[in-house]
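Please read the structure below before turning to the comments.
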Amino acid sequence: MAMPSQRLAELNLKLPSVAPPVAAYVPAVRDGGLVYTSGQLPFVDGQLPQLGLVGVRGGDVSPDEAKGLARIAVLNALAAAAAVVGGIDNIERVVKLTGFVASADHGSTDERFTGQPGVINGASELLGEIFGEAGQHARSAVGVAALPLDAPVEIELIVRVRD
Amino acid sequence: MAMPSQRLAELNLKLPSVAPPVAAYVPAVRDGGLVYTSGQLPFVDGQLPQLGLVGVRGGDVSPDEAKGLARIAVLNALAAAAAVVGGIDNIERVVKLTGFVASADHGSTDERFTGQPGVINGASELLGEIFGEAGQHARSAVGVAALPLDAPVEIELIVRVRD
Amino acid sequence: MAMPSQRLAELNLKLPSVAPPVAAYVPAVRDGGLVYTSGQLPFVDGQLPQLGLVGVRGGDVSPDEAKGLARIAVLNALAAAAAVVGGIDNIERVVKLTGFVASADHGSTDERFTGQPGVINGASELLGEIFGEAGQHARSAVGVAALPLDAPVEIELIVRVRD
């Protein structure tokens, strides 16, 4: 199995730079052998590429677009984790992912968006591509009313650090 | 105190079979002495018995019905945890439960559902019945806009494994 | 650096008493060197000072008011953690904070509240004031449809215990 950094290169991906701490919290904390990341938004060069609620109907962002944003957000989460352990190759495995999807809900069953798993697969699949079996994680996917800065998705990780 | 498996039998309950992994995530991950489960929906034989938002008024599912679904979902979560540690009797204690309730919210105080604790008690009480004092857990209960597949509740656990 | 208990006194704050356990869950669980708190509401003497959704427009509670409630809720979370480890000075550092904000969402971008980070800063900043660098935590802030008892904010913590 290739190292995660090799897999990133093969996938033509680069860990983004980590946004500087805001207020009294930080992008990630190492505690013993685990790293907890903050919830990460799909920033690309400091900008959110799309805003609003995800939905099939009545949404601002399509499920497919949101899946792409989840992929971006998890890459930001990996960057945050990597920064506190000396690089992505020091991540031994991914333990837990929580994915929040800002979800259209106009009170009618027709318009309520319930495809959160497909959206968060954008994050889970990238973890599989980078880490292989070590990328297999426990996961919760949830649809929420609104996310910071009107971001469509937010991802947080718990990862195990290599000894 | 009876073993959890004995208590299950006395309660006339059986751990359900665990749904196979979907995409690049798994039902539960063991990391050291802890198991993190994925968010579990109230599947019964692969079907969700009820769909939609929980509410007193304007809800698809009543609070009482939702409490029953929370009981089912936590049983699925225990099954997921038990499967990675060789059985439910290897669960030493329940550490944390997070319960998400898809909650009616039509913008008026009257219709907004705020009884999440009563719903998630369905899960907490079953943990008490099965594990006794070792089932006493920290817990968050939250009302969300929508859940995967239009499930009314979703439950995730962190449990400690017996040495 | 002053001990957390000294900082509390200098800030003219007192840890509130911890609400008694409800049903089969408890305010906080210690597992090894970590404490997981239950989601804490901004109770003051057993009452919620304000109810409803947070929003700039169409909200029941203003973002500034909600920031104050987040400060109260995290103090309750610290009280819950302190109670299981023999006092706040036995908290070595804050690892993770999750903040849920009941957020106005009337389907229009104008009325959807997306300022969760500013609200949860009320909690994060207090942790910084009390713990200094040891208060720097990973954090997720999320906007949800409704919270227990119609509370505007809910905060949960994971903290590391001093050896």
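Rule-based calculations on the coordinates, nothing more; no lab input. Bear in mind the structure is a predicted one, so any value in this text is a computation, not a measurement. In this analysis, Cβ positions are derived from the backbone assuming ideal geometry, glycine residues included, and neighbour counts consider all displayed protein chains.
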Helix C:116-131 vs. chain C, principal-axis angle (Cα, 0 to 90°, nearest 10): 20
Relative contact order %, the range C:1-144, counting alpha carbon pairs below 8 Å whose residues are six or more apart: 26
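Tell me, what is the FRET efficiency for B:Q6 and B:L51 to the nearest 0.05, using R0 = 35 angstrom and their Cβ-Cβ distance as r? Walk me through the numbers on the way to the answer.
On the way: r = 35 Å, r/R0 = 0.99.
Here the calculated transfer efficiency is 0.50.
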Cα-based convex hull, the range A:1-43, per residue volume (Å³, whole number): 106
Partner aspartates and glutamates for A:K67 [C-alpha distance under 19 Å; skip if fewer than 8 residues away on the same chain]: A:D45, A:D105, A:E111, A:E125, A:E129, A:D150, A:E154, A:E156, B:D150
Cα-based Rg / Dmax (Å) for the protein assembly as shown: 20.6, 58
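Residues of A:123-134, mean number of Cβ from any other protein chain within 10 Å of their own Cβ, rounded to a whole number?
Numbers: counts 3, 5, 3, 1, 3, 3, 1, 0, 1, 1, 2, 0.
So the per-residue partner count for this stretch is 2.
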Dipole axis of the protein assembly as shown (+1 Lys, Arg; -1 Asp, Glu on Cβ), positive-most option in B:P20, A:I72, B:P49: B:P20
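Evaluate the charge dipole of chain B about its Cα centre and quote only its size in Debye, nearest 20, assuming +1 on the Cβ of each Lys and Arg and -1 on the Cβ of each Asp and Glu.
On the way: 12 positive and 18 negative charges, 69 e Å.
Taking the Cα centre of chain B as origin, the dipole is about 340 debye.
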Computed FRET value (nearest 0.05) for A:E133 with B:R162, which takes r as the C-beta separation and R₀ as 25 Å: 0.45
Amide H contacts of A:V26 (H built 1.01 Å from N, under 5 Å, at least 5 apart or other chain): C:H137, C:A138, C:R139
Degrees separating the helix B:63-83 axis from the principal Cα axis of chain B, which is the longest one: 30
Once exposed loop trypsin sites (Lys or Arg not before Pro) are cut out (DSSP; at most 15 other Cβ, 10 Å), longest piece of chain B: B:58-161
Separation of alpha-carbon centers, the range C:72-107 and the range B:124-142, rounded to whole Å: 20
Among beta bridges that DSSP assigns inside the protein assembly as shown, antiparallel share in %, nearest 5: 65
Within the range C:17-158, percent of DSSP bridges classed antiparallel, to nearest 5: 60
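To one decimal place, what orientation-averaged projected area in nm² is obtained for the convex hull of the Cα set of the range B:44-131? Present the calculation step by step, with values, prior to reporting the outcome.
Numbers: hull surface 24.9 nm².
Mean projected area for the range B:44-131: 6.2 nm², to one decimal.
What do you get for Rg/Rh of chain B when both radii come from the Cα atoms and Rh is the Kirkwood radius? Before the final figure, lay out the partial values.
Details: Rg = 15.5 Å, Rh = 15.8 Å.
Rg/Rh: 0.98.
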Extreme residue, positive dipole direction of chain A, given options A:Q6, A:I158, A:V85 (C-beta unit charges): A:V85
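Charges at C-beta only: +1 for Lys and Arg, -1 for Asp and Glu. How large is the resulting dipole of the protein assembly as shown about its Cα centre, in Debye rounded to 20? Could the numbers behind the result be given before it?
Details: 36 positive and 54 negative charges, 203 e Å.
My answer is approximately 980 debye.
Report the relative contact order of the range B:60-138, percent, no decimals, based on alpha-carbon pairs under 8 angstrom and at least 6 residues apart. Don't skip to the end; give the middle numbers.
Values: 73 pairs, mean separation 31.8, N = 79.
Computed over the range B:60-138, the figure is 40 percent.
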